[in-house]
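The values are calculated or read from the model by the stated rules, or taken from the named source; none is laboratory data. Quantities reported herein were computed from a predicted structural model and do not represent experimental measurements. Neighbour counts are summed over all protein chains in view; Cβ atoms, including those assigned to glycine, are modelled from backbone coordinates with ideal geometry. Remember, those area values only see protein heavy atoms, side chains included, never the ligands or the DNA or RNA. Shrake-Rupley method; radii C 1.70, N 1.55, O 1.52, S 1.80 Å.
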Amino acid sequence: MRHCDVLVIGGGIIGCSIAYYASKYGREVTIIEKGEFVSGTSSRCDGNILAIDKDPGFDSQMSLFSQRLVDEWSKDLGNSFEYRAPGSILVCESDEEMEAAKRWVDRQKAAGLPFRMLDRQDIRQESPYFADDLLGGLECATDSTVNPYLLAFTLLEEAKKQGAKAWKQTEVKQVKKEENGTFTVDTSNGVFTADHVVNAAGVWAPRIGEMLDLSIPIEPRKGHIIVASRQQHVGSRKVMEFGYLISKFGGVRRVDPITEKYGVALVFEPTESQNFLIGSSREFVGFNTKVNNEVIKCIANRAIRFYPKMADMMVIRSYAGLRPWTEDHLPIISSVEGIPNYYIAAGHEGDGISLAAVTGKIIEELINEKETSIPIEPLRFERFKERVITG
Ligand SMILES: Cc1cc2nc3c(=O)[nH]c(=O)nc-3n(C[C@H](O)[C@H](O)[C@H](O)COP(=O)(O)OP(=O)(O)OC[C@H]3O[C@@H](n4cnc5c(N)ncnc54)[C@H](O)[C@@H]3O)c2cc1C
């Protein structure tokens, strides 16, 4: 039997960030992962740290705070994780989208965020490969990007230097709250006891929650990505179509039925080595991460609509991951009423890379009973229960 102060369940980017901050601020941390570290969603995604697609207000302020923490990490952490902060843009293909983009920019600017509209000329300057008929778009100047896999491992290594212990191939099978207030955690690799437990198991967080009779409303929302090979310089920063916002928040788009069916909207990310990540799709189809070639074809067609030049690109590979979706698109970063010293840090949907830093920081602050850096009311686990009761 091994005893730990803080036991983090789940070795994705969220668990690694929590292990980093908790060990940095004096806690003795053990992090356990059922497979290899960073083998879940955090290795099957893009690496954008975005405010551009966040609802103005709490959501975007939380993202800006997380962006600032990642910027600090880029100076403080030992390893490089391909951090760059060139900003990002959304492009519009109709007058209707331009009008909606203008409203989006006005709301963001009113909230104090560095947004601006782009006209046809700006778009031309951004990349000569854009389709001629694009009308313009908008820019968020602070948006940044990382290699999520490298960042998660950097955090894990830093946590280990700060004394954290890491166990892979260690699957949690049962969690029990003892009368003396501690937890007993049965795993495929022996029994652990802990004073604090953090459930950071991404799309699997509901299964860990069930072990203490908690119903955690997170569902897997599948997304596909194409990796295209290095070639001429297509662009330096992240580009999305405005329709991505509609896809994310569930509005109606004017696209063909297949694009609508798979929730495909252009996301273009140049990596540091100038390979390209081209996405993505959004579907509720369970836990299967097998690549569906029909979806890949649809993503490729969508990319060619915005960048006709992409028809010449070589595809290296494709992959799919599961976003941990919640119905209000906000993560759960929370203690749990009735279970002292138990925390949930999951449900980041398509924003877990963006919000890993702020999540780790908040959980450390909760464990150390500090005032939190940002208000956490909208992130509470109990918000779902209350909605069911009042609804
Ligand atoms: C196509 C796609 C593109 C994306 N692009 C972006 C982006 O550009 N920017 C952004 O911010 N976000 C993006 N995301 C979202 C982001 O990838 C996720 O929000 C984030 O990776 C979630 O991290 P996590 O640590 O919660 O989950 P995971 O990385 O899945 O980690 C959870 C871990 O828990 C482990 N686990 C589960 N059950 C157990 C158990 N019983 N015992 C022990 N361990 C267990 C799992 O093995 C897993 O490793 C994207 C997602 C997808 C799918």
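Relative to a virtual label point 7 Å from the Cα of R120 in the Cα→beta-carbon direction, which members of segment 73-107 show backbone nitrogen distances below 19 Å?
Counting backbone N atoms under 19 Å from the label point, the list is 90-102.
Measuring from label point to label point, each 7 Å out along Cα→Cβ, what is the E337 to R103 span in nm?
3.5
With all protein chains present, calculate the accessible area of W167 using a 1.4 Å probe and round the result to the nearest 10 Å².
Roll a 1.4 Å probe over it and W167 shows about 70 Å².
Based only on Cα atoms, what mean projected area does the convex hull of segment 5-120 have, in nm²?
9.6
Report, to the nearest whole %, how much of the accessible area of the chain belongs to carbon and sulfur atoms, 1.4 Å probe, protein only.
The value for the chain is 50 percent carbon and sulfur by accessible area.
Size of the dipole of segment 207-314 about the Cα centre, Lys and Arg at +1 and Asp and Glu at -1 on the beta carbon, nothing else charged, in debye to 20?
300
State, to one decimal in nm², a quarter of the convex hull surface area for the C-alpha atoms of segment 58-209, i.e. the direction-averaged projected area.
Result: a mean projected hull area of 13.6 nm².
Label point 7 Å out from E272 along Cα-to-Cβ: which residues of segment 7-32 have amide N under 19 Å?
13, 17
Residues of segment 275-305 with amide nitrogen under 15 Å from the 7 Å Cα-to-Cβ point of D312?
Answer for this model: 304.
If each DSSP helix of 4+ residues adds -39,500 (n - 2.57) and the sum is divided by the residues in the chain, what number results at 222 nm, nearest 500 deg cm²/dmol?
So the helix-based figure for the chain works out to -10000 deg cm²/dmol.
Compute the angle between helix 95-110 and the longest alpha-carbon principal axis of the chain, please, reported from 0 to 90 degrees and rounded to the nearest 10.
Around 50 degrees separate the two axes.
Once both axes come from the Cα atoms, what is the angle between helix 58-76 and the longest principal axis of the chain, in degrees from 0 to 90, rounded to 10?
80
Using only C-alpha positions, report the orientation-averaged shadow area of the convex hull of segment 325-372, nm², one decimal.
Value for segment 325-372: 3.6 nm².
Report the gain in length on full extension from R2 to I258: 0.36 nm times residue separation, minus Cα-Cα distance, nm rounded to one decimal.
87.0 nm
Counting pairwise Cα distances across segment 274-362, what percent come out greater than 20 angstrom?
That fraction is 53 percent.
For segment 231-309, which chymotrypsin sites (Phe, Trp or Tyr not before Pro) are in a loop by DSSP, counting at most 15 other Cβ atoms within 10 Å?
Those that pass, being in a loop and sparsely packed, are F284, F287.
Trypsin sites (Lys or Arg not before Pro) within segment 234-341: which are DSSP loop residues with at most 16 other Cβ atoms inside 10 Å?
R254, K290
Would you mind getting me the FRET efficiency between R68 and S43? Use the beta-carbon distance for r and R0 = 22 Å, nearest 0.05.
E between R68 and S43, to the nearest 0.05, is 0.30.
Which length gain, in nm to one decimal place, applies between N79 and V227 when the Cα-Cα distance is subtracted from 0.36 nm times their residue separation?
Length gained between N79 and V227: 50.9 nm.
Would you mind telling me which residue in V203, V172, V255 has the biggest mean-square fluctuation in a Gaussian network model of the chain, where springs connect alpha carbons within a distance under 10 angstrom?
Ranking V203, V172, V255 by mean-square fluctuation puts V255 first.
Could you give the dipole magnitude of the chain about its Cα centre, charging the beta-carbon of Lys and Arg +1 and that of Asp and Glu -1, in debye to the nearest 20?
Approximately 720 debye in magnitude.
Along the three principal axes, how long is the chain when you take its alpha carbons, biggest first, rounded to the nearest angstrom?
Computed over the Cα atoms, the extents are 67, 44, 40 Å.
First select every other residue whose beta carbon is under 14 angstrom from the beta carbon of M211; then total the charges, Lys and Arg +1, Asp and Glu -1.
0
If you count only protein heavy atoms with a 1.4 Å probe, what accessible area per residue comes out for the chain, rounded to a whole Å²?
41
Quick one: if you stick a label point 7 Å off each Cα along the C-beta vector at K385 and K168, how many nm between them?
Taking the simple label geometry, K385 and K168 are separated by 3.7 nm.
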